[in-house]
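The numbers here are math on the coordinates, done by the rules we state, and not lab data. Since this is a predicted model, take the numbers as computed values, not measurements. Don't worry about glycine lacking a Cβ; one is built from the backbone with ideal geometry, like all the others, and counts go over all protein chains shown.
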Amino acid sequence: MNNIIIYGSNYGTTEQYAKELSKRTNIEAISFENVQEINKYDKIIYIGGLYAGGVLGMSKTLRKLTNIQNKTIIIATVGLADPTDEKNINNIRNNIKVQISKEIYDKAKIFHLRGGIDYSKLKFFHKTMMKLLYNAVKNIPQEKLSSENKAMIETYNKKVNFVNFSDLDKIVSEI
Ligand SMILES: Cc1cc2nc3c(=O)[nH]c(=O)nc-3n(C[C@H](O)[C@H](O)[C@H](O)COP(=O)(O)O)c2cc1C
């Protein structure tokens with residue numbers, strides 16, 4: 001079996017999960033930017049950071065898959081919002097649906113992990129995006145906020161880290 005862990009990470013939290021998963025499973029982990037020939041793998045584990053609902057690098061990478069019939073595909077997202085919140089999970093999955101083919105979506109096992117953020121390290125573009133988003137939702141009453149927006153408001157301009165390697169257990173079992 002030829003297996004691979006592919007990750008899409010801007011600031012390292014997703015990469016941390018991917019490397020830990022690699023250590024636990026003995027499957028090589030590489031960034032999506034360095035994937036040469038995705039079709040040679042039988043089992044593909046894609047772990048991507050969430051950016052405005054998009055899973056970093058996933059669409060670009062999985063688009064290159066030709067025949068998935070005999071393949072195992074696992075997708076894990078890493079975001080700031082609570083990945084145990086049902087509404088958040090629904091949101092993430094609806095977003096994933098429009099980023100990959102129906103065939104891949106139906107075949108994939110999907111997991112959700114929690115990352116972190118350090119505003120002092122954000123690139124200008126990302127800082128600006130967060131500021132715009134924060135200003136758009138900061139006055140919405142608490143009870144009407146989605147868990148994504150709640151998490152964003154609570155952590156705005158801060159440094160937080162929710163990385164929890166024990167959340168990888170379920171993915172290890174699946175593998
Ligand atoms: C511009 C921007 C957009 C983001 N959008 C989302 C989002 O839609 N949902 C979410 O849960 N987290 C979102 N986040 C938080 C990231 O997913 C989180 O910081 C994650 O740990 C990043 O992974 P990385 O460190 O591997 O890049 C966003 C962060 C930034 C900077």
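Can you give the percent of C-alpha pairs in the range 64-110 whose distance is more than 15 Å?
46
So if I restrict to the alpha-carbon atoms in the range 91-175, what is the Rg, and what is Dmax, the biggest pairwise distance, in Å?
15.9, 43
Please report, largest first and rounded to whole Å, the three semi-axes of the ellipsoid equivalent to the chain, where each semi-axis is the square root of five times an eigenvalue of the C-alpha gyration tensor.
29, 17, 15
Go ahead and estimate [θ] at 222 nm for the chain from helices alone: -39,500 (n - 2.57) per DSSP H run with n ≥ 4, summed, over the residue count, rounded to 500.
Value at 222 nm, helices only, nearest 500: -10500 deg cm²/dmol.
Starting from 0.36 nm per residue, how many nanometres of slack lie between Lys87 and Phe125 once their C-alpha separation is accounted for?
Using 0.36 nm per residue and subtracting the Cα-Cα distance, I get 10.9 nm.
Could you tell me how many cubic angstrom of Cα convex hull volume the range 107-151 has per residue?
Dividing the Cα hull volume of the range 107-151 by its residues yields 136 Å³.
Under the 0.36 nm per residue contour assumption, what length would be gained going from the current alpha-carbon distance of Glu28 and Lys144 to full extension?
Length gained, Glu28 through Lys144: 37.5 nm.
Could you please report the charge total around Tyr134, scoring K, R as +1 and D, E as -1 over all other residues with beta-carbon less than 13 angstrom from its beta-carbon?
Once positives and negatives cancel, what remains is +3.
Using alpha-carbon positions, what is the distance between the centroids of the range 139-164 and the range 93-114, in Å?
Comparing the Cα centres of the range 139-164 and the range 93-114, I get a distance of 24 Å.
Can you give the local net charge around Tyr51? Use residues other than it whose beta-carbon is closer than 14 angstrom to its beta-carbon, Lys and Arg +1, Asp and Glu -1.
Neighbour charge sum, excluding Tyr51 itself: +2.
Ser101 versus Phe165, label points 7 Å from Cα toward the beta carbon: distance in nm?
About 3.7 nm separates the two model spin labels.
If you plug each phi of the range 161-175 into the Karplus form 6.51 cos²θ - 1.76 cosθ + 1.60 with θ = phi - 60°, what whole-Hz ³J(HN,Hα) values come out, in order, with x for Gly and Pro?
Once rounded to whole Hz, the list reads 9, 9, 4, 9, 4, 5, 5, 7, 3, 5, 6, 4, 4, 4, 5.
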